[in-house]
Amino acid sequence: MVVLEAKVHDRPQAAPAKGGKAPGTERGEPRSPGRWVLLGVLFVIMIVPVYLLVVNAFKSQQDILDNPFSIPLSGLTFEHMSAAVSSPQFNVIDGYGFTLFLVVLVDVLCILLAGPAAYAIARSLKRRTQLVLLYFLAGTFIPGAAVIIPVIYVLREIGLANTVTGLVAHDVASTLPVSIFLFVGFIRTIPVDIDHAATIDGAGRFRTFWAIIFPLMRPAVVTVLILNSIGIWNDFVSPQILLSPSSGHYTVTTAVYAGISQYSTDLTKVFPNLLLAIAPVVIFFIYMQRHIISGLTVGAVKG
């Protein structure tokens, strides 16, 4: 017993943690104050424009010019917002329908093309297949504005200039690189044994993908749909250049530009229309952001 007690007393004690607390008494490291300061600065930078947009959409011209940051509770009015909704000169509400049609059509075509392409790339070990993936990835490094002029010449040669079909073809092509990249990373996390089992049961590659693999890709598909939808909704350059005013079609962003460009000094028309344009996509993003995070990280460990 004496020998055992001596050994226990002679055992070296663990050094106390920083701050005088023994190890194991705290979970994780204390957060750095600089991190909170940085987050606070970024929050202010991002929230101030949104605040100005929302507040000034319900104020008079004079109140906006005198103090754009104030909230005059007695001076707030819905008159300008109502005028923006009902005015035939500002086709923001009419642009909702066409933009939604464009978003749905491009999303469906993108999934139909990117899904099988990503499956073929992910399940192939050939070098030429990997070169195809690099070819698609190269499209993510090219700014969309840099290719808009060549796209105009191509669409003019094939007879799709100034048409909705040409705009849809351009949007589908621009969404394919990122979609294929995300799908490939996700499909590679799915065991190949599932494909082998489907083959034994008599399913071909086409049926294997759409009946078995595609339902398992739900997180990645949702992420792609969200990213593509937000990008198409906010796109201004492509519909503005590929669809001239003579086409009669306006997206939300081009309708805002067409409506307020000649009244740019009338802030009671600028702010309400801008708020109407961005409100749906902001609400959509806030509601669906958890799906974006889960879809982007689901294939981060395996690959």
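Protein heavy-atom surface of segment 92-302, 1.4 angstrom probe: 69% of the accessible area is carbon and sulfur, with nucleic acids and ligands not counted. In this rough spin-label picture, where each label sits 7 Å from Cα along the Cβ direction, the I93-I45 distance is 3.8 nm.
What FRET efficiency, computed as 1/(1 + (r/R0)^6) with R0 = 25 Å and r the Cβ-Cβ distance, is obtained for T199 and Y135, rounded to the nearest 0.05? Given R0 = 25 Å and the Cβ-Cβ separation, E is 0.35. Report note on the peptides 194-201, 141-148, 51-58: ranked by the mean count of other C-beta atoms within 10 Å, highest first, their order is 51-58, 194-201, 141-148. Taking the average, over residues, of other Cβ atoms within 10 Å as the packing measure, peptides 274-283, 178-187 rank 178-187, 274-283 from highest down. Across segment 174-190, the residues whose backbone nitrogen lies under 20 Å from the label position 7 Å along the beta-carbon direction of S247 are 174-176.
The spacing between segment 207-278 and segment 133-195, judged by their C-alpha centroids, is 17 Å.
The values are calculated or read from the model by the stated rules, or taken from the named source; none is laboratory data. Small disclaimer: the values here were computed from a predicted structure and weren't measured. Glycine gets a Cβ as well: all are built from the backbone with ideal geometry, and neighbour counts include every protein chain shown. Accessible surface is based on the protein model in full, side chains and every heavy atom, while ligands, DNA and RNA are left aside. Shrake-Rupley method; radii C 1.70, N 1.55, O 1.52, S 1.80 Å.
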